[in-house]
1. Taking only region 84-134 into account, find how many residues are in a strand (DSSP E or B), of a type in the set (Lys, Arg) and more than 22 Å from Thr147 (Cβ to Cβ).
2. Starting from region 154-175, take each residue that is of a type in the set (S, T, N, Q) and list its partners that are surrounded by 10 or more Cβ atoms within 10 Å (Cβ to Cβ) and not in a helix (DSSP H, G or I), counting only C-beta distances under 8 angstrom and pairs at least six apart or across chains.
3. For residues that are touching a residue at least 12 places away in the same chain (Cβ under 8 Å) and basic (Lys, Arg), scanning just region 91-131, find the one that is farthest from Val141 (Cα to Cα).
4. Within region 139-195, can you find the residues that are within 26 Å of the chain's Cα centre (by Cα) and among the β-branched types (Val, Ile, Thr)?
5. Just give me the residues in region 159-179 being of a type in the set (Val, Ile, Thr) and outside any helix (DSSP H, G or I), in sequence order.
6. Looking at Glu182, Glu217, Glu197, Glu154, which is the one that is touching a Lys or Arg at 6+ places or on another chain (Cβ under 8 Å) and either not aliphatic (A, V, I, L, M) or not in a helix (DSSP H, G or I) (or both)?
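The numbers here are math on the coordinates, done by the rules we state, and not lab data. Computed from a prediction, not measured in an experiment: that's the story for all the values here. Positions of Cβ are generated from backbone atoms using ideal geometry, with glycine treated the same way; all protein chains shown enter the neighbour counts.
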Amino acid sequence: MASNLVAPVQDGKIVETESQTSLAKAKEKEKTSGYSKDTFLKLLVAEVQNQDPLEPTSNTEWISQYATFSELEAMQNMSASFDLSRASTLVGKTVVLQTTSESGKTTTIQGKVDYVTYEGGRAYLSVNGSLYSMDDLHDVVDTEYMTAFDKVYEWSVKLNKLPAYENLTYDDAEDVESVYNEYEKMSEYEKTFVAKENAEKIKKLYERIEELKKAHEAEKPEETEKPEETDKTEGTEEDAEA
């Protein structure tokens, strides 16, 4: 976790990053939830020392308490084992993480899991070069979904850069055709991410460009055919023979 030892400084104070917030919360949770047989034995000794000597706790009650604690410990171990196993399957996948600072500000981080590291029986995800606790995992995004989403988002940015319908000119033909062709090449699945108004917009812009291209072609002056030049040499020879 050496990559998280560096923190930005602002106005002479260390600014806690989202990754550090996530790790700090995980450490705190580890302290408060790290119950074990040693914890039970300490509680048992304390209870024996402070019990009423005239009405001591029965052996049956001790056994019952121990069985309950053992069951709780087994459930915790099973949960931790499940988290570790699940974390390893996230490598290479796109995830959404949410961290909450001490001030209550929630920050969303999205990125691909580069690797998973383990420390103190807990799993940490490396996303965008920083480590985050599995506790902050909010969503796991399907790769195909994310690829289609990003592609349509970039396409929408290009679409919004095109002139409005009423401001289109013949000079915009290349840009409009490029965006239109990109839309036409999208798969049916990718097109489901395109907003209805954007799909209608690019079609109208393309139709307008086609009209402008036809008008531009019509305005071109017609080329007049040049009269065929007579072969002066042949004409002279014919006159001489006559």
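1. Number of matching residues: 1.
2. Short answer, once both residue conditions are applied: Ser156/Val194; Ser156/Ala195; Thr169/Pro163.
3. This residue is Arg122.
4. Passing the criteria: Val140, Val141, Thr143, Thr147, Val152, Val157, Val179, Thr192, Val194.
5. Matches in region 159-179: Thr169 only.
6. Values: Glu217 fails: touching a Lys or Arg at 6+ places or on another chain (Cβ under 8 Å); Glu197 fails: touching a Lys or Arg at 6+ places or on another chain (Cβ under 8 Å); Glu154 fails: touching a Lys or Arg at 6+ places or on another chain (Cβ under 8 Å).
Matching residue, one of Glu182, Glu217, Glu197, Glu154: Glu182.
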